[in-house]
Amino acid sequence: MKKSNVFKSNEKIVIGKPVIEQMDEYTIYKVYITIKDEKKELWYKVKKEYGRFFLTQRCDGILVASILYALKNKLDIECEIPVSEKLYFQLKDQLIPFLCNGDSELLPIDIKCDVDSNDYNVESNVGTGISCGVDSLGTILQYS
């Protein structure tokens, strides 16, 4: 059975504004996430030379990292900074409905955020995780 209604939750995940800190030879990207009124710190640490690639104008990576948790716990997501327009569309119209159709325990959630279509490429580089599975490699080939 297709579930098309967005689950209306009173509880939510709030993704805050990220900050970047320098510590010795490292750059740290920190963001506070509030889950059900409990504030938690999420951070990523890289060598200083890679710190210039952290982006504070959008919360795309943090949003993606939060989606499955939010779906499993029926929590809407609110972002204090924008999300890229393309990612927002892909999450709302493709990924979330697909995951919810495949798992009867998941219900669609709402993502409240501004969207941003600005290009923030730094030196024409993009960083991402890759599983080296067929889908990941297919995506790389398609967009390379």
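Remarks
- Pairs meeting the criteria (first residue in the range 109-135 and surrounded by fewer than 12 Cβ atoms within 10 Å (Cβ to Cβ), second residue among the basic types (Lys, Arg) and modelled with pLDDT of 75 or more, beta carbons under 7 Å, at least 6 apart or on different chains) are VAL122/ARG52.
- Filtering the range 1-44 to residues that are at pLDDT 95 or above, hydroxyl-bearing (Ser, Thr, Tyr) and open to solvent by 70 Å² or more (accessible area, probe 1.4 Å) leaves only TYR32.
- Any hit, the range 65-72, residues being open to solvent by 50 Å² or more (accessible area, probe 1.4 Å), out of contact with any strand residue (DSSP E or B) (no Cβ under 9 Å at 6 or more places or on another chain) and modelled with pLDDT of 90 or more: yes
- Any strands (runs of 3 or more DSSP E) falling wholly within the range 1-95 and containing at least 2 residues that are in contact (Cβ under 8 Å) with a residue 40 or more places away in the chain and either touching a Phe, Trp or Tyr at 6+ places or on another chain (Cβ under 6 Å) or farther than 19 Å from ASN118 by Cα (or both): 12-15, 76-79
- If only residues of the range 87-133 that are modelled with pLDDT under 70 and of a type in the set (Val, Ile, Thr) are counted, the one that is farthest from ILE67 (Cα to Cα) is VAL122.
The values are calculated or read from the model by the stated rules, or taken from the named source; none is laboratory data. Every value quoted in this text rests on a predicted model; they were computed, and no experiment measured them. So basically every Cβ, Gly included, is an ideal-geometry build from the backbone, and we count neighbours across all protein chains shown. The accessibility values were calculated without ligands, DNA or RNA, using every heavy atom of the protein model including side chains. Shrake-Rupley method; radii C 1.70, N 1.55, O 1.52, S 1.80 Å.
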